[in-house]
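The values are calculated or read from the model by the stated rules, or taken from the named source; none is laboratory data. On a predicted model such as this, the values are computed, not experimentally measured, just so you know. Cβ sites come from the backbone with ideal geometry, for glycine too, and all protein chains shown count toward neighbours. Keep in mind that these areas ignore ligands, DNA and RNA; they rest on the heavy atoms of the full protein, side chains included. Shrake-Rupley method; radii C 1.70, N 1.55, O 1.52, S 1.80 Å.
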Amino acid sequence: MTTFEEITPRLETLAIEVPSWAYGNSGTRFKVFGSRGTPRTVQEKIDDAAQVHRFTGLAPAVALHIPWDLVDDFAALRSYAEDRGLRIGTINSNTFQDDVYKFGSLAAADPGVRRTAIDHHLRCVEIMTATGSRDLKIWLADGSNYPGQNDLRQRQDTLAESLTEIYGQLSGDQRLVLEYKFFEPAFYATDVPDWGTSYVQVAALGERAMVCLDTGHHAPGTNIEFIVAQLLRLGKLGAFDFNSRFYADDDLIVGAADPFQLFRIMAEVVRGGGLDPATGVAFMLDQCHNIEDKIPGQIRSVLNVAEMTARALLIDREALATAQAANDVLTANGVLMDAFYTDVRRDLAAWRDSKGLPADPMAAFAESGYLQQVAADRVGGQQAGWGA
Ligand code: AOS
Ligand code: MN
(Lines give C-alpha, C1' and ligand atoms only; values in the text may rest on other atoms or scores of the structure.)
(Ligands and ions follow the chains in the order given, each with its own letter.)
Protein backbone atom coordinates (compact mmCIF):
# COMPACT_ATOMS: atom_id res chain seq x y z
CA MET A 1 0.00 0.00 0.00
CA THR A 2 1.29 3.44 -0.91
CA THR A 3 0.64 6.11 1.75
CA PHE A 4 -0.25 9.75 1.24
CA GLU A 5 3.02 10.85 2.90
CA GLU A 6 4.95 8.87 0.31
CA ILE A 7 3.27 10.59 -2.61
CA THR A 8 3.43 14.22 -1.41
CA PRO A 9 6.88 15.01 -2.86
CA ARG A 10 5.60 14.05 -6.33
CA LEU A 11 2.29 15.80 -5.82
CA GLU A 12 4.12 18.99 -4.96
CA THR A 13 5.74 19.06 -8.40
CA LEU A 14 2.30 19.69 -9.92
CA ALA A 15 2.22 23.19 -11.44
CA ILE A 16 -1.04 24.10 -13.12
CA GLU A 17 -1.35 26.98 -15.60
CA VAL A 18 -4.58 28.92 -15.51
CA PRO A 19 -5.93 30.64 -18.64
CA SER A 20 -6.28 34.44 -18.56
CA TRP A 21 -9.51 34.13 -20.54
CA ALA A 22 -11.20 32.14 -17.78
CA TYR A 23 -11.56 35.37 -15.78
CA GLY A 24 -13.31 37.26 -18.58
CA ASN A 25 -16.95 36.88 -19.47
CA SER A 26 -17.79 33.93 -21.68
CA GLY A 27 -20.93 32.22 -22.82
CA THR A 28 -22.56 30.37 -25.62
CA ARG A 29 -23.74 31.57 -29.01
CA PHE A 30 -27.01 32.41 -27.24
CA LYS A 31 -25.75 34.77 -24.54
CA VAL A 32 -22.68 36.03 -22.74
CA PHE A 33 -23.70 37.09 -19.22
CA GLY A 34 -21.68 39.86 -17.58
CA SER A 35 -20.78 39.69 -13.92
CA ARG A 36 -19.74 42.28 -11.36
CA GLY A 37 -16.01 42.54 -10.81
CA THR A 38 -14.99 41.00 -14.12
CA PRO A 39 -11.47 42.16 -15.11
CA ARG A 40 -11.18 44.97 -17.61
CA THR A 41 -7.48 44.56 -18.31
CA VAL A 42 -4.91 41.80 -18.51
CA GLN A 43 -3.43 43.11 -15.26
CA GLU A 44 -6.77 42.53 -13.54
CA LYS A 45 -6.92 39.03 -15.04
CA ILE A 46 -3.48 38.38 -13.55
CA ASP A 47 -4.70 39.71 -10.17
CA ASP A 48 -7.52 37.15 -10.30
CA ALA A 49 -5.20 34.34 -11.39
CA ALA A 50 -2.94 35.16 -8.43
CA GLN A 51 -5.87 34.43 -6.12
CA VAL A 52 -6.09 30.88 -7.45
CA HIS A 53 -2.44 30.27 -6.62
CA ARG A 54 -2.72 32.02 -3.28
CA PHE A 55 -5.48 29.67 -2.13
CA THR A 56 -4.28 26.41 -3.72
CA GLY A 57 -0.48 26.72 -3.92
CA LEU A 58 -0.63 24.71 -7.15
CA ALA A 59 -1.24 27.26 -9.90
CA PRO A 60 1.90 29.37 -10.32
CA ALA A 61 1.46 30.33 -14.00
CA VAL A 62 -1.04 32.20 -16.15
CA ALA A 63 -1.40 31.58 -19.88
CA LEU A 64 -2.14 34.51 -22.20
CA HIS A 65 -4.09 34.74 -25.45
CA ILE A 66 -2.87 37.12 -28.17
CA PRO A 67 -4.39 39.54 -29.21
CA TRP A 68 -6.84 39.39 -26.27
CA ASP A 69 -4.02 40.14 -23.82
CA LEU A 70 -1.95 42.53 -25.94
CA VAL A 71 -0.04 45.21 -24.02
CA ASP A 72 2.67 47.63 -25.13
CA ASP A 73 5.26 46.39 -22.68
CA PHE A 74 5.38 42.63 -22.08
CA ALA A 75 8.53 42.83 -19.95
CA ALA A 76 6.57 45.08 -17.59
CA LEU A 77 3.67 42.63 -17.65
CA ARG A 78 6.08 39.86 -16.72
CA SER A 79 7.23 41.88 -13.68
CA TYR A 80 3.61 42.60 -12.81
CA ALA A 81 2.89 38.86 -12.72
CA GLU A 82 6.09 38.04 -10.84
CA ASP A 83 5.28 40.65 -8.19
CA ARG A 84 2.09 38.67 -7.58
CA GLY A 85 3.89 35.33 -7.34
CA LEU A 86 3.08 34.16 -10.86
CA ARG A 87 5.00 33.52 -14.03
CA ILE A 88 3.58 34.05 -17.48
CA GLY A 89 3.01 30.66 -19.03
CA THR A 90 1.98 29.61 -22.49
CA ILE A 91 1.33 32.18 -25.19
CA ASN A 92 -1.76 31.18 -27.18
CA SER A 93 -2.03 32.53 -30.69
CA ASN A 94 -5.41 33.58 -31.99
CA THR A 95 -6.07 33.29 -35.70
CA PHE A 96 -9.76 32.55 -35.45
CA GLN A 97 -11.25 35.92 -34.74
CA ASP A 98 -10.39 38.34 -37.51
CA ASP A 99 -12.37 38.61 -40.73
CA VAL A 100 -9.25 37.83 -42.74
CA TYR A 101 -9.33 34.27 -41.34
CA LYS A 102 -12.79 33.39 -42.68
CA PHE A 103 -11.33 30.62 -44.87
CA GLY A 104 -8.47 29.63 -42.62
CA SER A 105 -5.13 30.91 -41.38
CA LEU A 106 -1.93 28.82 -41.44
CA ALA A 107 -3.54 26.34 -43.85
CA ALA A 108 -5.44 28.90 -45.95
CA ALA A 109 -5.19 28.75 -49.70
CA ASP A 110 -4.60 32.52 -49.95
CA PRO A 111 -0.88 33.34 -49.52
CA GLY A 112 -1.68 36.84 -48.19
CA VAL A 113 -3.83 35.39 -45.42
CA ARG A 114 -1.13 32.88 -44.57
CA ARG A 115 1.43 35.68 -44.36
CA THR A 116 -0.79 37.57 -41.91
CA ALA A 117 -1.24 34.42 -39.81
CA ILE A 118 2.47 33.55 -39.81
CA ASP A 119 3.39 37.12 -38.88
CA HIS A 120 0.96 36.96 -35.97
CA HIS A 121 2.77 33.87 -34.71
CA LEU A 122 6.17 35.51 -35.14
CA ARG A 123 4.88 38.37 -32.99
CA CYS A 124 3.79 35.77 -30.42
CA VAL A 125 7.34 34.37 -30.38
CA GLU A 126 8.70 37.87 -29.67
CA ILE A 127 6.20 38.16 -26.83
CA MET A 128 7.37 34.80 -25.44
CA THR A 129 10.91 36.12 -25.34
CA ALA A 130 9.77 39.19 -23.37
CA THR A 131 7.57 37.23 -20.96
CA GLY A 132 10.00 34.33 -20.50
CA SER A 133 7.34 31.89 -21.74
CA ARG A 134 8.45 28.49 -22.93
CA ASP A 135 5.48 27.46 -25.06
CA LEU A 136 3.70 28.82 -28.10
CA LYS A 137 0.35 27.10 -28.34
CA ILE A 138 -1.32 26.94 -31.71
CA TRP A 139 -4.94 26.01 -32.11
CA LEU A 140 -6.39 26.52 -35.58
CA ALA A 141 -10.02 26.96 -36.51
CA ASP A 142 -8.97 26.07 -40.09
CA GLY A 143 -11.24 23.67 -41.90
CA SER A 144 -14.25 23.39 -44.16
CA ASN A 145 -17.99 22.92 -43.94
CA TYR A 146 -18.66 21.09 -47.18
CA PRO A 147 -17.04 18.22 -49.06
CA GLY A 148 -15.13 19.62 -52.00
CA GLN A 149 -14.76 23.07 -50.42
CA ASN A 150 -11.04 22.61 -49.73
CA ASP A 151 -8.22 20.52 -51.10
CA LEU A 152 -7.69 18.52 -47.91
CA ARG A 153 -4.30 17.18 -48.90
CA GLN A 154 -2.91 20.47 -50.18
CA ARG A 155 -3.82 22.12 -46.91
CA GLN A 156 -1.66 19.64 -44.96
CA ASP A 157 1.33 20.68 -47.07
CA THR A 158 0.51 24.35 -46.70
CA LEU A 159 0.14 23.96 -42.94
CA ALA A 160 3.48 22.17 -42.74
CA GLU A 161 5.17 25.06 -44.58
CA SER A 162 3.63 27.66 -42.29
CA LEU A 163 4.57 25.74 -39.15
CA THR A 164 8.14 25.28 -40.40
CA GLU A 165 8.60 29.04 -40.71
CA ILE A 166 7.22 29.65 -37.21
CA TYR A 167 9.22 26.82 -35.66
CA GLY A 168 12.38 28.26 -37.23
CA GLN A 169 11.95 31.43 -35.18
CA LEU A 170 11.98 29.66 -31.81
CA SER A 171 15.12 29.96 -29.73
CA GLY A 172 16.58 28.55 -26.51
CA ASP A 173 14.14 26.26 -24.76
CA GLN A 174 11.09 27.67 -26.55
CA ARG A 175 8.64 25.10 -27.88
CA LEU A 176 5.65 24.92 -30.21
CA VAL A 177 2.62 22.90 -29.12
CA LEU A 178 -0.07 22.10 -31.68
CA GLU A 179 -3.59 21.54 -30.41
CA TYR A 180 -6.11 19.36 -32.24
CA LYS A 181 -9.90 19.39 -32.22
CA PHE A 182 -12.24 17.10 -34.09
CA PHE A 183 -14.81 19.72 -35.11
CA GLU A 184 -15.99 23.27 -34.51
CA PRO A 185 -16.04 25.85 -35.94
CA ALA A 186 -15.57 23.73 -39.07
CA PHE A 187 -18.25 21.07 -39.31
CA TYR A 188 -17.05 18.86 -42.16
CA ALA A 189 -13.26 18.74 -41.97
CA THR A 190 -10.79 20.36 -39.60
CA ASP A 191 -7.16 20.70 -40.70
CA VAL A 192 -5.81 19.46 -37.34
CA PRO A 193 -8.62 17.16 -36.23
CA ASP A 194 -6.84 14.53 -34.17
CA TRP A 195 -3.70 13.65 -32.26
CA GLY A 196 -2.33 11.71 -35.23
CA THR A 197 -2.39 14.75 -37.49
CA SER A 198 -0.91 16.93 -34.79
CA TYR A 199 1.79 14.31 -34.17
CA VAL A 200 2.65 14.01 -37.87
CA GLN A 201 2.93 17.79 -38.21
CA VAL A 202 5.05 18.34 -35.08
CA ALA A 203 7.24 15.29 -35.66
CA ALA A 204 8.26 16.80 -38.99
CA LEU A 205 9.30 20.03 -37.28
CA GLY A 206 11.67 18.70 -34.66
CA GLU A 207 12.26 18.00 -31.00
CA ARG A 208 10.83 21.22 -29.65
CA ALA A 209 7.46 20.71 -31.30
CA MET A 210 4.87 18.75 -29.37
CA VAL A 211 1.18 17.86 -29.26
CA CYS A 212 -1.35 19.66 -27.05
CA LEU A 213 -4.23 17.50 -25.84
CA ASP A 214 -7.42 19.38 -24.95
CA THR A 215 -9.60 16.93 -23.06
CA GLY A 216 -12.77 18.33 -24.66
CA HIS A 217 -11.65 17.84 -28.25
CA HIS A 218 -12.53 14.22 -28.98
CA ALA A 219 -15.56 12.34 -30.18
CA PRO A 220 -17.70 10.99 -27.35
CA GLY A 221 -16.39 7.70 -26.03
CA THR A 222 -12.79 8.29 -27.12
CA ASN A 223 -10.28 6.62 -24.82
CA ILE A 224 -8.27 9.75 -23.98
CA GLU A 225 -5.91 8.02 -21.54
CA PHE A 226 -4.75 5.79 -24.38
CA ILE A 227 -3.72 8.90 -26.34
CA VAL A 228 -1.93 10.19 -23.25
CA ALA A 229 -0.04 6.90 -22.90
CA GLN A 230 0.93 6.88 -26.57
CA LEU A 231 2.11 10.50 -26.69
CA LEU A 232 4.17 10.08 -23.53
CA ARG A 233 5.65 6.94 -25.02
CA LEU A 234 6.63 8.95 -28.10
CA GLY A 235 7.96 11.85 -26.00
CA LYS A 236 5.48 14.17 -27.71
CA LEU A 237 2.96 15.13 -25.05
CA GLY A 238 3.71 18.84 -24.73
CA ALA A 239 0.64 20.10 -22.95
CA PHE A 240 -2.85 19.52 -21.68
CA ASP A 241 -5.77 21.85 -21.99
CA PHE A 242 -7.91 20.51 -19.17
CA ASN A 243 -11.67 20.97 -19.03
CA SER A 244 -14.62 18.65 -18.98
CA ARG A 245 -17.50 18.00 -21.26
CA PHE A 246 -20.78 16.19 -21.45
CA TYR A 247 -21.38 16.61 -25.18
CA ALA A 248 -18.84 18.57 -27.23
CA ASP A 249 -16.28 21.27 -26.39
CA ASP A 250 -18.22 22.29 -23.27
CA ASP A 251 -15.20 23.82 -21.47
CA LEU A 252 -16.66 22.98 -18.04
CA ILE A 253 -14.81 22.67 -14.73
CA VAL A 254 -12.18 19.92 -14.93
CA GLY A 255 -13.37 16.65 -13.47
CA ALA A 256 -16.96 17.87 -13.20
CA ALA A 257 -18.42 15.71 -15.94
CA ASP A 258 -16.36 12.58 -15.43
CA PRO A 259 -13.98 12.40 -12.44
CA PHE A 260 -13.14 8.79 -13.29
CA GLN A 261 -11.89 9.83 -16.72
CA LEU A 262 -9.69 12.50 -15.13
CA PHE A 263 -8.32 9.83 -12.78
CA ARG A 264 -7.58 7.50 -15.70
CA ILE A 265 -5.80 10.29 -17.56
CA MET A 266 -3.70 11.18 -14.52
CA ALA A 267 -2.95 7.49 -13.97
CA GLU A 268 -1.37 7.36 -17.45
CA VAL A 269 0.46 10.63 -16.80
CA VAL A 270 1.98 9.11 -13.66
CA ARG A 271 2.73 5.82 -15.45
CA GLY A 272 4.43 7.64 -18.32
CA GLY A 273 6.57 9.89 -16.10
CA GLY A 274 4.60 12.98 -17.12
CA LEU A 275 4.62 14.42 -13.62
CA ASP A 276 8.39 14.75 -13.74
CA PRO A 277 9.01 18.41 -14.69
CA ALA A 278 11.86 17.20 -16.94
CA THR A 279 9.25 15.59 -19.22
CA GLY A 280 7.99 19.10 -19.94
CA VAL A 281 4.25 18.44 -19.89
CA ALA A 282 2.39 21.73 -19.32
CA PHE A 283 -0.75 21.22 -17.25
CA MET A 284 -2.99 23.98 -18.49
CA LEU A 285 -6.64 24.63 -17.90
CA ASP A 286 -8.75 25.82 -20.82
CA GLN A 287 -12.13 26.66 -19.46
CA CYS A 288 -15.00 29.08 -19.57
CA HIS A 289 -17.11 29.91 -16.55
CA ASN A 290 -20.35 31.01 -18.13
CA ILE A 291 -22.67 30.97 -15.14
CA GLU A 292 -20.51 30.28 -12.07
CA ASP A 293 -18.09 32.68 -10.38
CA LYS A 294 -14.87 32.51 -12.30
CA ILE A 295 -12.15 32.52 -9.62
CA PRO A 296 -13.78 29.81 -7.46
CA GLY A 297 -14.47 27.92 -10.69
CA GLN A 298 -10.74 27.90 -11.34
CA ILE A 299 -9.95 26.99 -7.72
CA ARG A 300 -12.35 24.03 -7.95
CA SER A 301 -10.67 22.88 -11.16
CA VAL A 302 -7.20 23.03 -9.64
CA LEU A 303 -8.42 21.08 -6.61
CA ASN A 304 -10.02 18.45 -8.82
CA VAL A 305 -6.78 17.95 -10.77
CA ALA A 306 -4.85 17.68 -7.49
CA GLU A 307 -7.32 15.13 -6.09
CA MET A 308 -7.20 12.89 -9.11
CA THR A 309 -3.42 13.21 -9.33
CA ALA A 310 -3.15 12.14 -5.70
CA ARG A 311 -5.43 9.15 -6.31
CA ALA A 312 -3.40 8.20 -9.40
CA LEU A 313 -0.20 8.38 -7.36
CA LEU A 314 -1.77 6.07 -4.79
CA ILE A 315 -2.17 3.21 -7.28
CA ASP A 316 -0.31 0.20 -5.91
CA ARG A 317 1.92 -0.22 -8.95
CA GLU A 318 3.57 -3.40 -7.71
CA ALA A 319 0.27 -5.15 -7.04
CA LEU A 320 -1.00 -3.91 -10.40
CA ALA A 321 2.03 -5.21 -12.28
CA THR A 322 1.79 -8.59 -10.56
CA ALA A 323 -1.89 -8.93 -11.38
CA GLN A 324 -1.35 -7.81 -14.99
CA ALA A 325 1.51 -10.28 -15.48
CA ALA A 326 -0.69 -13.09 -14.17
CA ASN A 327 -3.59 -12.02 -16.41
CA ASP A 328 -5.57 -11.64 -13.22
CA VAL A 329 -8.18 -9.38 -14.73
CA LEU A 330 -10.31 -8.77 -11.67
CA THR A 331 -7.43 -8.13 -9.26
CA ALA A 332 -5.80 -5.71 -11.71
CA ASN A 333 -9.03 -3.81 -12.14
CA GLY A 334 -9.60 -3.92 -8.38
CA VAL A 335 -6.17 -2.40 -7.64
CA LEU A 336 -6.95 0.52 -9.95
CA MET A 337 -10.43 1.03 -8.53
CA ASP A 338 -9.13 0.93 -4.93
CA ALA A 339 -7.00 3.98 -5.72
CA PHE A 340 -9.84 5.71 -7.54
CA TYR A 341 -12.20 5.24 -4.60
CA THR A 342 -9.69 6.56 -2.04
CA ASP A 343 -10.97 9.86 -0.68
CA VAL A 344 -7.87 12.06 -0.44
CA ARG A 345 -9.61 15.29 0.53
CA ARG A 346 -8.67 15.16 4.22
CA ASP A 347 -5.05 14.32 3.41
CA LEU A 348 -4.87 17.16 0.91
CA ALA A 349 -6.37 19.55 3.45
CA ALA A 350 -3.74 18.49 6.02
CA TRP A 351 -1.01 18.86 3.40
CA ARG A 352 -2.18 22.39 2.55
CA ASP A 353 -2.31 23.22 6.23
CA SER A 354 1.30 22.08 6.64
CA LYS A 355 2.28 24.47 3.82
CA GLY A 356 0.55 27.46 5.38
CA LEU A 357 -2.26 27.25 2.83
CA PRO A 358 -5.95 27.19 3.73
CA ALA A 359 -7.23 23.66 4.44
CA ASP A 360 -10.42 24.52 2.54
CA PRO A 361 -9.49 26.85 -0.34
CA MET A 362 -13.10 27.28 -1.55
CA ALA A 363 -14.31 28.42 1.87
CA ALA A 364 -11.23 30.56 2.51
CA PHE A 365 -11.63 32.34 -0.81
CA ALA A 366 -15.33 32.99 -0.16
CA GLU A 367 -14.48 34.40 3.28
CA SER A 368 -11.68 36.58 1.91
CA GLY A 369 -14.19 39.07 0.47
CA TYR A 370 -12.14 39.37 -2.75
CA LEU A 371 -15.17 39.08 -5.05
CA GLN A 372 -17.04 41.79 -3.15
CA GLN A 373 -13.93 43.98 -3.21
CA VAL A 374 -13.38 43.73 -6.97
CA ALA A 375 -17.10 44.22 -7.61
CA ALA A 376 -16.82 47.52 -5.74
CA ASP A 377 -13.48 48.53 -7.29
CA ARG A 378 -13.95 47.55 -10.92
CA VAL A 379 -16.53 50.04 -11.97
CA GLY A 380 -16.70 51.40 -15.50
CA GLY A 381 -14.50 50.39 -18.40
CA GLN A 382 -15.03 47.46 -20.71
CA GLN A 383 -15.24 44.03 -19.10
CA ALA A 384 -12.97 41.47 -20.70
CA GLY A 385 -14.79 38.79 -22.56
CA TRP A 386 -14.51 36.29 -25.32
CA GLY A 387 -12.96 38.30 -28.09
CA ALA A 388 -11.60 41.08 -25.88
C1 AOS B 1 -10.56 26.00 -28.93
O2 AOS B 1 -11.52 25.25 -29.06
C3 AOS B 1 -9.40 25.66 -28.18
O4 AOS B 1 -9.70 24.87 -27.06
C5 AOS B 1 -8.30 26.67 -27.91
O6 AOS B 1 -7.44 26.22 -26.92
C7 AOS B 1 -8.67 28.10 -27.72
O8 AOS B 1 -7.56 28.86 -28.00
C9 AOS B 1 -9.14 28.47 -26.33
O10 AOS B 1 -10.22 27.65 -25.95
C11 AOS B 1 -9.59 29.91 -26.20
O12 AOS B 1 -10.71 30.16 -27.00
MN1 MN C 1 -8.01 24.30 -25.84
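Taking every residue in the stretch 361-388 that is within 16 Å of ligand 2 (Cβ to nearest atom) and pairing it with any residue that is open to solvent by 70 Å² or more (accessible area, probe 1.4 Å) and not aliphatic (A, V, I, L, M), at least 6 positions away or on another chain, yields no pair with a Cβ-Cβ distance below 9 Å. Only one of the listed residues (Ala350, Ala339) is part of a helix (DSSP H, G or I), surrounded by 20 or more Cβ atoms within 10 Å (Cβ to Cβ) and not β-branched (Val, Ile, Thr). That residue is Ala339. Cβ separations smaller than 8 Å between residues 6+ apart or across chains give the following pairs from the stretch 238-253 residues that are open to solvent by 30 Å² or more (accessible area, probe 1.4 Å) to residues that are part of a strand (DSSP E or B) and within 11 Å of ligand 1 (Cβ to nearest atom): Asp249/Asp214. Against the conditions (1) part of a helix (DSSP H, G or I); (2) open to solvent by 50 Å² or more (accessible area, probe 1.4 Å), Gln51 satisfies every one except (2).
Tallying residues that are over 28 Å from the mean Cα position of the chain (by Cα) and open to solvent by less than 20 Å² (accessible area, probe 1.4 Å) within the stretch 309-323 yields 2. Residues that are surrounded by fewer than 23 Cβ atoms within 10 Å (Cβ to Cβ) and either part of a helix (DSSP H, G or I) or of a type in the set (A, V, I, L, M) (or both) were ranked within the stretch 59-73; the one that is nearest to ligand 1 (Cβ to nearest atom) is Ile66. Residues that are open to solvent by 10 Å² or more (accessible area, probe 1.4 Å) and not in a loop (DSSP other than H, G, I, E, B) within the stretch 272-282 comprise Pro277, Ala278, Thr279, listed in sequence order.
One residue alone among Ile166, Ile253 is within 16 Å of ligand 2 (Cβ to nearest atom) and at pLDDT 95 or above, and that residue is Ile253.
Here Ala22, Ala63, Ala59, Ala50 are screened, and the one residue that is more than 16 Å from ligand 2 (Cβ to nearest atom), out of contact with any Leu (no Cβ under 6 Å at 6 or more places or on another chain) and aliphatic (A, V, I, L, M) is Ala59.
Under 28 Å from Gly27 (Cα atoms), within 16 Å of ligand 1 (Cβ to nearest atom), among the polar types (S, T, N, Q) and modelled with pLDDT of 95 or more - does that describe any residue in the stretch 256-277? Scanning the stretch 256-277 turns up no residue that is under 28 Å from Gly27 (Cα atoms), within 16 Å of ligand 1 (Cβ to nearest atom), among the polar types (S, T, N, Q) and modelled with pLDDT of 95 or more. Against the list (1) over 24 Å from Glu307 (Cβ atoms); (2) surrounded by fewer than 18 Cβ atoms within 10 Å (Cβ to Cβ), the condition Val374 fails is (2).
Checking Gly334, Gly356 one by one, the residue that is of a type in the set (Gly, Ala, Ser), at pLDDT 95 or above and not in a helix (DSSP H, G or I) is Gly356 and no other. Asp286 meets each of the listed conditions (1) under 30 Å from Phe30 (Cβ atoms); (2) more than 15 Å from ligand 2 (Cβ to nearest atom) apart from (2). Taken together, the residues in the stretch 215-237 that are out of contact with any Phe, Trp or Tyr (no Cβ under 9 Å at 6 or more places or on another chain), more than 16 Å from ligand 2 (Cβ to nearest atom) and either β-branched (Val, Ile, Thr) or open to solvent by 40 Å² or more (accessible area, probe 1.4 Å) (or both) amount to 5.
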